[in-house]
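The values are calculated or read from the model by the stated rules, or taken from the named source; none is laboratory data. All of these numbers come straight from a predicted model, not from anything done at the bench. We place every Cβ from the backbone using ideal geometry, glycine too, and count neighbours over all the protein chains shown.
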Amino acid sequence: MVDSSERNGSGAIPSSIEVAIRLGLITLLAVWCLLIVKPFILPVMWGVIIAVAVYPLFSRLKSALGGKNKLATSVYIVLALAIVITPTVMISGSLVDTAQAVVDKYEQGTLTVNPPKESVKDWPLIGDEVYGVWTEASNNLDATVNKYKPQLQKFSGQIVTTAAGAGSTVLIFIFSIIISGILMANAAGAYNFTVRLFSRLINDKEGVAYTCLSRDTIRSIAQGVIGIAVIQAVLSAIGMYIMDVPAWGLWTLLVLVLAIVQLPPILVMGFVAAYVFTIADTTPAIIFAIYALIVSSSDVWLKPLLLGRGVATPMLVILIGAIGGAILDGVIGLFVGAVVLALGFELFMAWLAYGETQKDEG
């Protein structure tokens, strides 16, 4: 109960308590709203990133279609979904076909493992160990499988879990593409809302500047980091597909992950190239190794084309964002985490610079 000394002459609750009650109710409402929209935050954020990154292309498409906004949106969504779904089906098919072929041959007793070449011993760090296990498997596959059965069971369980997570990730991508189409169809309204938001958070004069900074940062990271990673992954997939590398879809995903976290794809492609030397003739194996080196170093000339036009965010920020996003939200977190943390970093630095400018003027 409220003490009588804390009431005014009319018996009303003091204004401080009334303010606390209002703040509590507002906080409760805000938290409740956040919990409701939480499942949609990730796909909406990814949809915003896609929309900002590809809007220049969407504008060209819209102009080519005579300025028809709805038609351009529909065409964009169909094309974007095809671009996402087609490689997903191909990669999934690669993994399923490889796994099914191995299982069938093992059950029929026809699965054999060719002995490794002596050059396998020269692989850095893991050469001797891989050579030993590989030789053991080529001599007696059943005994090797029984020996490593606990590890194989754990690994297969992880693959099943990863496959289930990949399915949900694809659904998020599809939902995000639809959201990005809706946002681009209403680009003017989205831009005005962002300007109003920054004007309200900072001041009326800086709303446009911070909106443009956000746009440039998103496009820079989406094109210069994620775009390069996708290009390198696609080129790697083409090479491995031509060489008929088993489970090439899995290696493609690993290349994509390494490229996003700013590690050279040769860490994967080098291993694949070494494997190709053990199964293919010397000439095509050498050609593939050279191709792998070219793909891995392609970021040297791709970055000036795609990253040079935007904001030069430190690579450490992108690395932390990609890894942290992956830990938090899985595969899609690789993409969203890198962009969101880079955006937060650039806005924070701009805010610091603005504060120093205001202090100097004062």
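Some notes on this structure:
- Selection count, the stretch 49-73, where residues are of a type outside the set (S, T, N, Q) and more than 25 Å from the chain's Cα centre (by Cα): 11
- G224 passes every criterion in (1) assigned to a helix (DSSP H, G or I); (2) exposed (fewer than 14 other Cβ atoms within 10 Å of the Cβ); (3) modelled with pLDDT under 80 apart from (2).
- Residues of the stretch 253-269 that turn out to be modelled with pLDDT of 85 or more and in contact with a Phe, Trp or Tyr (Cβ under 9 Å, 6 or more places away or on another chain), as a count: 2
- Residue within the stretch 255-265 that is surrounded by fewer than 18 Cβ atoms within 10 Å (Cβ to Cβ) and among the polar types (S, T, N, Q) present: yes
- Residues of the stretch 182-210 satisfying the condition of being within 13 Å of L343 (Cβ to Cβ) and at pLDDT below 85: F198, Y210
- The listed residues are Y275, Y241, Y291, and the only one of them that is surrounded by fewer than 16 Cβ atoms within 10 Å (Cβ to Cβ), at negative phi and among the aromatic types (F, W, Y) turns out to be Y241.
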